[in-house]
Amino acid sequence: MTKLIKQLFASLVLLMTANTCLAGAGGDLTPAVQHDLNPRYISLLEGEALHKQGDVYFFDVNTLEIWAEGFIPGAVFFNVKSWRELLPKNKDAQMVFYCANRLCTASVVAAREVMKLGYTNVLQMPDGIYGWRMSGRPHEVP
């Protein structure tokens, strides 16, 4: 019983002192970045339904090597310097961003940058192209 009380006390102390997250990356510790703009996350099933709908832009934010392995049919390769030119004129257009898988953050970063430009209907599919292909959904190769 005393072991349980000690663990509970230690947990409470940790919770009370963890009011700010700090990030250092080898340098001085600074508060971790918190983003005001976050895209809505969608599942593979939702992504597939949107893809079948047909009036949705899909943007692949992978490296060229992963793109060459396969991409969602009709998706646009987004990992270029001139990415702003790839965006639709209509800022309310529905757009889905994806990269490799849940460990990849490139599509979230891209989606946030697009949202900063005033686009309102920005979605992100965390399972990415690997989840898409592993689930047997159709894909294209260049």
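Here, each number is a calculation from the coordinates, and none is a lab measurement. Just so it is clear, the structure is predicted and the values come from calculations on it, not from any experiment. Here the Cβ positions follow ideal geometry from the backbone for every residue, glycine too, while neighbour counts run over all protein chains shown.
At-a-glance table
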quantity	calculated
Test: residue in segment 66-73 that is acidic (Asp, Glu) and in a loop (DSSP other than H, G, I, E, B)	no
Residue that is surrounded by the most Cβ atoms within 10 Å (Cβ to Cβ) [pool: residues in segment 88-113 that are in contact (Cβ under 8 Å) with a residue 12 or more places away in the chain and more than 12 Å from the chain's Cα centre (by Cα)]	Met95
Close pairs from segment 38-56: first farther than 16 Å from Cys99 by Cβ, partner of a type in the set (Phe, Trp, Tyr) and surrounded by 11 or more Cβ atoms within 10 Å (Cβ to Cβ), Cβ under 9 Å, at least 6 apart	Glu48/Trp132; Leu50/Phe58; His51/Phe58
Counted residues, segment 114-142 - those being outside any strand (DSSP E or B) and under 8 Å from the mean Cα position of the chain (by Cα)	2
Residues being polar (S, T, N, Q) and either more than 20 Å from His139 (Cβ to Cβ) or surrounded by fewer than 15 Cβ atoms within 10 Å (Cβ to Cβ) (or both) - total across segment 70-87	1
Test for Ala111: is it small (Gly, Ala, Ser) and part of a loop (DSSP other than H, G, I, E, B)	no
